[in-house]
Each structure stands twice: as C-alpha cells, then as structure tokens.
Amino acid sequence: MGQIKLTTVVISKGILMATMFVLCLNAVAHPMPNSVVSLSVLEESISGEVKIPLLELESAIGRKASELNTDFFREYFTTHIQAVSDNQTWRTEIESLSPVTDTSPFVGEYQEVVVHFRLTPPDARQLRHITFKYDAVIHQVVTHRALVFVQYDWSNGLQDESESEPLGVIGLDVPSGKIFPLDVHLEEGSWINGVKGMFLLGMKHIREGLDHILFLLTLLLIAPLTIEKSKWSGYQGFRYTLTRFLKISLAFTLGHSITLLAGSLNWIDFRVQYVEVLIAVSILVSAVNCVKPIFFKKEIFIAGGFGLIHGLAFSISLSHLELGLGSKLLSIVGFNLGIEAMQFIIMACFLPVLLISKWKAYPAVRTAFAVFTIILSMAWIAERIATKENFITTYFNSML
Amino acid sequence: MRNSAFLFFCAALLLGGSACSSDDDNTTTDTADTETNPDPIEVSGCSSSTGIEKIICLSDAFKTQLTSSQLAIAQRTYTTSEAAKWSNFPEALYGQRVGLDFGSMTSTQIQYAKALLKEVAGTSANEGWDELQQLLNADEYLAENGGGSDYGAANYYIAFLGTPAATGTFEIQYGGHHVAFANTYIDGVLVGATPSFRGIEPFSAFEWNGETNQPLVQEKDALSAMLTGLSSDQLTSAKLGSTFADLIAGPQKDANFPTTPSGVKGGDLSSDQKNLIMTAIKTYVQDVEDAETFITKYTTELDDTYIAYSGTTGLTTTNDYVRIDGPSVWIEYSCQRGVVLSGTHPHSVWRDKLTDYGGN
C-alpha cells in the first residue's frame with residue numbers, strides 16, 4: 001500500500017515537473033513570460049519572492065507603473081498574495097519592491113518587478129499546510145500564470161537555490177472561469193534532513209569549486225619533495241610524503257573551519273570580492289612555490305593561513321540562512337563535514353598520483369601543471385578585480 | 001557547468017590531460033540548391049482527378065519525391081498525441097513538431113508539398129493557400145529583418161498522420177511559426193479542419209517578391225466590423241471585464257473552453273448583425289477547400305453563438321481581444337506586442353468543439 005502511494009506521488013511529481021517544464025518553455029516563448037513565485041520555508045514564517053513582467057503588471061492595473069515604492073503597490077500585493085490555513089488568514093507583509101532587467105531568448109531584455117514578501121501564520125504549526133491564494137496580475141490578465149516553487153526548506157534538505165522544487169501553477173481555470181488557489185502541503189521534515197542537505201551542499205561546493213581544489217592540489221604536489229640547493233628534490237619516500245600530505249590537509253581544514261564558523265554566524269563582515277581575489281592570490285602563491293620553493297617548511301602555515309580565506313568564501317553559502325542558533329550550528333557542522341568528505345575523496349584520488357614523483361619526468365609534469373595554474377590564477381585575479389571575464393577565463397570556461 | 005569543471009579537472013590530472021570533447025552538432029546546412037520558399041508545382045498526373053482522389057493523388061505524388069528516410073519522417077501513424085503536437089511558436093523554441101521540415105527538403109520536394117496544401121486549403125484571395133503562402137513570406141521577412149535563421153520557410157513542417165486513403169483516418173498536418181493547419185479525413189471525408197492557428201508578424205502590409213502581403217487584415221477587419229456593428233448597449237454586454245494578453249485555447253490547450261459562454265448571443269441580434277458574424281467566421285473556415293459543411297453547421301448554430309471582446313473594437317491595440325463562441329465554433333483573436341519588430345501583431349485560432357482533430 002505504502003509503495004503504491006509512493007509510486008503515485010512520484011508519478012504525479014513527474015507530471016508536475018513536465019508541466020512546469022512546458023510552462024517555463026512557454027514562459028520563454030510567449031512574448032511576455034509568466035510570473036515566478038519562489039517560497040522559502042523558515043522556522044516561523046514563509047518568505048517569498050515573485051518576479052512579474054512589468055508590462056503584464058501594467059496591463060493588470062491599467063496604467064504605467066513608474067514608481068513602485070508606493071502604498072498602492074504595497075496594498076495591491078498585500079491583497080493579492082494571501083495564505084490561509086484552517087480558515088485563518090496569515091499576515092502578509094510586503095518587504096520590498098524593485099525593478100530588474102531580465103532577458104529571454106525570445107523577447108531579449110525586458111523589465112520585471114521583484115516583490116519580496118513574508119507570510120506569517122497565526123500558529124507556527126500551520127506553516128506546512130497552506131492554501132496559497134495568489135492572484136496578482138491573474139485577477140485581471142486571465143492569460144497570465146504564476147509558477148510556484150519552493151526554493152528553500154531547511155528541514156526537508158532543500159537548501160540549494162539552484163534546486164528549487166515546483167509546487168504548481170496558478171492561473172485561470174477556463175471552463176469554470178475561476179482562479180483556484182494552490183494547496184501546498186509540505187512534508188514535516190526533520191533536523192536530520194536539514195543536516196544531510198547541508199552535508200550534500202558542502203560536498204557540492206567543493207566538487208564545483210575549482211579554485212579550492214586547485215589551491216589544495218598545488219600545495220600537495222610538493223608534499224613528496226624537500227629542498228636541495230634552493231630547488232625541489234626528488235621523491236623522499238612514502239612515509240615522508242604521507243606525513244606532509246596529512247599535515248598540509250589538516251592545516252587547510254583547521255583554517256577554513258575557523259572562518260566558516262565565524263562567517264556563518266555573521267561575527268565578521270567582509271567584502272566578497274576581496275575574498276575572491278585573495279583566493280586567486282593564494283592559488284598563484286602556491287603555484288609559484290610549486291615551481292621553485294619560496295616558503296619551504298612553511299606550507300603548513302600557508303595552508304592554514306589561506307584556509308582562513310577559503311573558509312570565508314564557504315561561509316557565504318550559510319551566512320544568509322534565516323535559522324535559529326541550533327539549526328544554524330547543525331548546518332555549519334553538516335556543511336563542513338560535506339566539505340571535508342569531498343576534500344577527502346579528492347585527496348584519496350590524488351595521493352596515488354603523487355607516487356609518480358618517483359619518475360624522472362615528475363619535475364616537468366609538476367612545472368607544467370604549475371605554469372598552467374599560474375596563468376589561470378592570474379586571469380582569475382584580473383577577472384575578480386575587474387568583475388569582468390577576460391579572454392583567458394572566457395576560453396577556460398568555454399572548455400568546461 | 002561547474003560540475004563539468006571538476007570532471008574536466010580530474011580527467012586532465014589522472015589521464016594526463018585528455019580534453020573533453022563537446023557534443024557539437026555537425027549538421028551542415030545545404031543551402032546551395034535549396035530554395036526553401038518556391039511556388040507549388042502543377043502535378044499533371046493528378047489534374048484529371050477531383051475531391052478526395054485528387055488529395056490522395058497529390059499526397060502520393062509528394063511521397064514519391066521523398067527518399068526513404070524522409071518518407072519515414074513525413075509518413076506517420078495516426079495518434080492523437082502527435083496530432084496535438086502543434087504550436088504557434090518558432091520550432092527553435094517549441095522543438096516538438098513532427099514531420100518533415102522544408103529546410104531538409106529540395107526545392108522540388110517543397111513544390112510537391114505545396115501543391116497538396118494548395119489543393120486542401122482552397123483558392124480564395126488572401127485566404128486558404130494564398131494566406132498560407134503569404135504567412136511563409138512573412139516569416140521569410142522576419143528572418144531577414146532581425147529574426148535570424150530560427151524564422152523563415154525552412155522551419156515549417158509537413159506530416160501525414162495516417163496514410164492518405166479513401167478509407168480509414170489520416171490528418172494532413174502542416175505548421176510553423178504562427179501557423180497550424182490540421183485537416184483530418186475519415187473514410188475520404190473531411191471531418192475536422194481544426195485546430196487552425198493563424199498569426200502574423202509583421203501585421204502591416206509588407207512587400208515580398210514584388211507583391212504586397214497582408215493576409216490576416218481581412219480577418220481583423222471582419223471581426224472588427226462584427227463588433228462595431230453592435231449597438232452601444234450590445235457592445236457593453238459583449239465587453240469582458242478581464243484582460244487577454246494571448247489566446248486561451250492556443251496550442252496544448254485542447255478543449256479549454258468556458259462552460260458558460262459570455263457576451264452577446266446571436267439570437268438577440270438582427271440578421272445584418274448575424275451576417276457580420278458569419279462573414280467573420282468565413283475568414284477562418286474558408287481556409288479549407290471543403291468549407292461548406294462547417295459553414296452550414298455554424299450558420300444553423302448562429303442563434304446560440306456568443307460574441308465577446310476585451311480592449312477596443314479596433315483590434316490593433318495591445319490586449320485587444322475578440323471571441324466567437326458557439327455550440328461548435330470557437331474563434332479567438334488576440335492582438336499583442338511585437339516580438340521581432342515593433343508594433344502589434346495578432347494571434348488567432350479557429351477550433352471546433354466537436355471536430356478538433358477529426359473528433360478524436
């Protein structure tokens with residue numbers, strides 16, 4: 001019985017996904033796209049964002065919408081974004097209204113209105129069972145549709161903005177001429193799901209973060225070596241390699257764990273751009289060192305020191321989470337364990353590679369790799385300072 | 001993309017720098033001998049036959065022009081799921097059309113395809129085949145005036161759903177950007193000529209191959225005349241409160257009709273006013289050669305047919321909308337913003353509540 005139910009859920013979810021896909025396609029293909037509502041389930045409220053094509057909003061209100069930050073629009077959206085549970089209406093607050101420019105392959109650039117709102121139920125236990133009565137624009141422009149997604153739901157492991165789940169579509173039901181609200185029933189979730197989600201997010205972060213991997217690998221490339229006459233020597237044996245390998249890795253882990261904690265709890269404030277530039281610098285420094293020793297015996301400090309910088313970058317994924325302290329600490333632990341797990345997998349892949357340092361060709365391989373990394377890291381530095389792609393990063397991205 | 005970054009990286013490290021190969025589509029466009037928008041050919045072998053025999057003859061003549069692989073794409077089995085795969089969007093955005101595209105056919109093959117379409121679409125000026133040809137011209141115009149290669153005659157598709165024969169079911173399905181043509185024959189009789197979509201950009205008259213094209217202005221004029229023929233009281237009753245930015249019964253919105261019709265009822269109108277409704281209906285129905293059965297049916301049902309509109313009666317302003325909603329007939333027309341060009345452009349659809357896809 002349970003299995004049958006599960007299958008039904010899976011199938012209906014599949015159909016919903018397919019429908020949403022077609023609608024997204026139509027959203028692209030139609031001269032004016034649909035609205036997209038993204039909900040974030042927090043501990044005591046739901047915050048949401050809706051993107052509405054400006055021209056459709058103007059069609060709905062029957063006039064130009066040049067000034068958004070007005071009582072008219074706050075009242076308009078308060079009226080048209082409503083949630084109800086057990087016949088009790090939630091509190092709707094409009095937090096911000098702003099214009100943005102978006103692009104679609106069909107119409108090119110077009111204007112959108114972004115509305116941030118917060119829905120608070122009378123009782124937090126109602127948070128997961130909502131009749132979502134959304135009809136902005138649709139109440140008048142009956143050909144318009146709103147695609148509704150849940151973008152963030154910590155205790156169901158949904159923490160990655162790129163993986164939002166479709167809930168349904170709100171639009172006119174033509175046969176009846178009515179706009180039906182969307183009934184949303186979310187699973188209760190648990191802290192285990194929350195931690196698991198954060199763990200996976202941490203793994204994904206490293207897996208997709210080429211810069212973190214490059215930094216670590218360039219440092220580890222010289223783990224089997226020592227210095228002879230200011231130059232890198234040959235292979236120093238397995239025990240020596242393993243010891244240095246573990247020390248460097250541990251130092252990096254220690255470094256980034258400290259700042260991950262501090263950054264996630266918003267204890268320190270920093271400019272993301274500077275951190276990104278410093279990360280690229282850290283790769284450059286360790287790549288140069290890989291060619292010619294510049295801080296031998298201090299790799300551990302370099303790993304730890306720059307680990308602090310990388311940890312700040314990791315914390316960006318967590319610092320904006322609206323969670324209670326308990327859930328937040330659990331998130332940090334889960335996320336960091338995910339990072340370590342992925343790092344461990346990569347290192348385990350990489351350790352055997354270090355054994356080729358016995359080969360005569362190793363200095364050439366090492367140097368070639370380091371030169372490649374030097375060029376790329378310098379291009380990254382330039383890109384991150386200028387906040388604009390350059391021909392090297394463009395070329396590199398196009399190869400990926 | 002960042003995911004593949006990691007894969008690339010591992011591959012580069014562990015396999016000694018082998019590069020990832022991308023799945024580039026290496027299809028070359030053979031434009032050397034392909035003129036994608038020729039005139040129909042006169043198929044002499046079919047000139048003596050008439051009616052369904054001529055349609056079968058022209059279908060077979062076209063099919064014999066095709067290579068076996070082209071034929072496998074064009075000649076399909078009849079299924080309602082493939083019948084429903086039409087769209088008004090350019091194929092580059094929709095991507096689900098079945099059948100053979102003009103872009104992969106030789107000029108001669110296209111001429112044979114067009115000979116068939118000309119036969120089934122009828123010969124009134126600015127309607128039927130003339131309209132379909134002008135709509136191809138419009139898309140050629142779009143391709144050259146900012147639309148690029150996603151537009152143009154090369155992106156129109158023709159398919160046989162079921163084998164054209166005097167018995168059994170087959171549909172001649174043809175369409176592309178702004179066009180859907182769907183004639184369904186059962187046992188040699190045209191039982192459904194819908195869903196039939198017509199839209200155009202540019203809407204204003206344009207020159208193409210030395211001729212002026214404006215094939216949907218007759219539809220707009222007839223629908224507008226139908227509205228302005230109403231008294232001011234009737235016009236008030238015909239006005240819908242809602243705003244329509246597009247059609248409600250467009251592609252993949254089959255059987256999406258209001259249970260309760262809105263607007264003014266034909267039975268409450270004068271015979272002159274009813275004639276104006278019929279004139280408007282004919283600008284759609286006469287896009288097929290065998291229009292008579294539909295015209296008779298819709299005339300009979302005129303008293304129970306409603307007309308309604310939104311926006312203005314001129315039908316050239318953004319969000320202008322008009323609808324004819326009868327027991328069988330459904331015609332919807334929406335004026336919307338330009339996509340490639342500035343200015344407005346219309347979308348419209350003729351459906352039949354009982355015989356869309358031949359009633360299947």
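The values are calculated or read from the model by the stated rules, or taken from the named source; none is laboratory data. None of the values given here were measured: they were computed from a predicted structure. Cβ atoms come from the backbone with ideal geometry, glycine included; neighbour counts cover every protein chain shown.
Only a single criterion out of (1) surrounded by fewer than 19 Cβ atoms within 10 Å (Cβ to Cβ); (2) under 30 Å from residue B:249 (Cβ atoms) is not satisfied by residue A:160, namely (2).
Selection within the range B:209-243: residues that are of a type in the set (A, V, I, L, M, F, W, C) and more than 20 Å from the chain's Cα centre (by Cα). The member of this set that is farthest from the other protein chains (Cβ to nearest Cβ) is B:225. Please tell me if residue A:331 is buried (at least 18 other Cβ atoms within 10 Å of the Cβ) and either modelled with pLDDT under 80 or over 18 Å from the mean Cα position of the chain (by Cα) (or both). Considered against the rule, which asks whether it is buried (at least 18 other Cβ atoms within 10 Å of the Cβ) and either modelled with pLDDT under 80 or over 18 Å from the mean Cα position of the chain (by Cα) (or both), residue A:331 comes out as no.
Table: residues versus (1) farther than 29 Å from residue B:321 by Cα; (2) part of a loop (DSSP other than H, G, I, E, B); (3) at pLDDT 95 or above; (4) β-branched (Val, Ile, Thr).
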position	(1), (2), (3), (4)
A:66	no, yes, no, no
A:74	yes, no, yes, no
A:79	no, no, yes, yes
A:83	yes, no, yes, no
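At least 2 residues being hydrophobic (A, V, I, L, M, F, W, C) is the threshold, and among the strands (runs of 3 or more DSSP E) wholly inside the range B:172-237 those reaching it are B:179-186, B:189-192, B:206-208.
The set of residues in the range B:273-301 being over 15 Å from residue B:223 (Cβ atoms), in contact (Cβ under 8 Å) with a residue 60 or more places away in the chain and not in a helix (DSSP H, G or I) consists of B:288, B:289, B:290, B:291. The residues of the range B:113-146 that are part of a helix (DSSP H, G or I) and on the phi > 0 side of the Ramachandran plot, listed by number, are B:128, B:146.
Would you confirm whether or not the range A:129-143 contains a residue that is under 19 Å from residue A:51 (Cα atoms), more than 16 Å from the chain's Cα centre (by Cα), part of a strand (DSSP E or B) and of a type in the set (A, V, I, L, M)? Let's see the steps before the verdict.
Residues of the range A:129-143 under 19 Å from residue A:51 (Cα atoms): A:132-143.
Keeping just the survivors that are more than 16 Å from the chain's Cα centre (by Cα) gives A:132-143.
Retained after the next criterion (residues that are part of a strand (DSSP E or B)): A:132-134, A:141.
After this cut, where a residue has to be of a type in the set (A, V, I, L, M) as well, the list is A:141.
There is at least one residue in the range A:129-143 that is under 19 Å from residue A:51 (Cα atoms), more than 16 Å from the chain's Cα centre (by Cα), part of a strand (DSSP E or B) and of a type in the set (A, V, I, L, M).
Residues that are of a type in the set (Asp, Glu) and either surrounded by 23 or more Cβ atoms within 10 Å (Cβ to Cβ) or modelled with pLDDT under 95 (or both) within the range B:170-206 comprise B:171, B:201, listed in sequence order.
To keep it simple, each residue is scored yes or no on (1) surrounded by fewer than 20 Cβ atoms within 10 Å (Cβ to Cβ); (2) of a type outside the set (Gly, Ala, Ser).
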| site | (1), (2) |
| --- | --- |
| B:237 | yes, no |
| B:254 | yes, yes |
| B:258 | yes, yes |
| B:265 | yes, yes |
| B:281 | no, yes |
| B:285 | no, yes |
| B:288 | no, yes |
| B:292 | yes, yes |
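Considering the range A:216-240, and only residues there that are surrounded by fewer than 21 Cβ atoms within 10 Å (Cβ to Cβ) and at pLDDT 85 or above, the residue that is nearest to residue A:302 (Cα to Cα) turns out to be A:240.
Kindly establish whether residue B:63 is modelled with pLDDT of 95 or more and closer than 30 Å to residue B:95 by Cβ. Spelling it out, residue B:63 is indeed modelled with pLDDT of 95 or more and closer than 30 Å to residue B:95 by Cβ.
Okay, residues lined up against (1) within 19 Å of the chain's Cα centre (by Cα); (2) assigned to a helix (DSSP H, G or I); (3) exposed (fewer than 15 other Cβ atoms within 10 Å of the Cβ):
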residue	(1), (2), (3)
A:246	no, yes, yes
A:249	no, yes, no
A:255	no, yes, no
A:269	no, no, yes
A:297	no, no, yes
A:308	no, yes, no
A:321	yes, no, no
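Can you tell me which residue within the range A:340-354, out of those that are touching a residue at least 24 places away in the same chain (Cβ under 8 Å) and within 14 Å of chain B (Cβ to nearest Cβ), is nearest to residue A:234 (Cα to Cα)? Going through the qualifying residues, I end up with A:354.
Among the residues making up the range A:255-284, those that are of a type in the set (Val, Ile, Thr) and more than 17 Å from residue A:210 (Cβ to Cβ) are A:258, A:259, A:268, A:272.
For beta carbons closer than 7 Å, sequence separation of 6+ or different chains, a first residue in the range A:99-112 that is within 14 Å of another protein chain (Cβ to nearest Cβ) and a second that is modelled with pLDDT under 75, the qualifying pairs are A:104/A:28; A:105/A:28; A:106/A:28; A:106/A:29; A:107/A:31; A:110/A:104. Scanning the range A:200-236 for residues that are more than 14 Å from every other protein chain (Cβ to nearest Cβ) and either within 30 Å of residue A:325 (Cβ to Cβ) or not in a helix (DSSP H, G or I) (or both) yields a count of 16. With respect to (1) within 14 Å of chain A (Cβ to nearest Cβ); (2) closer than 14 Å to residue B:329 by Cα; (3) among the hydrophobic types (A, V, I, L, M, F, W, C); (4) out of contact with any Phe, Trp or Tyr (no Cβ under 7 Å at 6 or more places or on another chain), the lone exception for residue B:247 is condition (2).
All conditions in (1) of a type outside the set (Phe, Trp, Tyr); (2) crowded, with 22+ Cβ neighbours inside 10 Å; (3) in contact with a Ser or Thr (Cβ under 8 Å, 6 or more places away or on another chain) hold for residue A:213, with the sole exception of (3).
Scan the range A:170-199 for residues that are within 14 Å of another protein chain (Cβ to nearest Cβ) and touching a helix residue (DSSP H, G or I) at 6+ places or on another chain (Cβ under 6 Å) and report the count.
Start the filter on the range A:170-199 by keeping residues that are within 14 Å of another protein chain (Cβ to nearest Cβ), which leaves A:171-179.
Pick out the ones that are also touching a helix residue (DSSP H, G or I) at 6+ places or on another chain (Cβ under 6 Å) and you get none.
Of the residues in the range A:170-199, 0 are within 14 Å of another protein chain (Cβ to nearest Cβ) and touching a helix residue (DSSP H, G or I) at 6+ places or on another chain (Cβ under 6 Å).
Does the range A:355-367 include one or more residues that are assigned to a helix (DSSP H, G or I), within 14 Å of chain B (Cβ to nearest Cβ), farther than 26 Å from residue A:228 by Cα and not aliphatic (A, V, I, L, M)? Taking every residue of the range A:355-367 in turn, none turns out to be assigned to a helix (DSSP H, G or I), within 14 Å of chain B (Cβ to nearest Cβ), farther than 26 Å from residue A:228 by Cα and not aliphatic (A, V, I, L, M). Each residue in the range B:207-216 was checked for being within 15 Å of residue B:126 (Cβ to Cβ) and surrounded by fewer than 18 Cβ atoms within 10 Å (Cβ to Cβ), and 4 pass. The helices (runs of 4 or more DSSP H) found wholly in the range B:31-112 and carrying at least 1 residues that are within 14 Å of chain A (Cβ to nearest Cβ) and under 19 Å from the mean Cα position of the chain (by Cα) occupy B:80-83, B:91-94.
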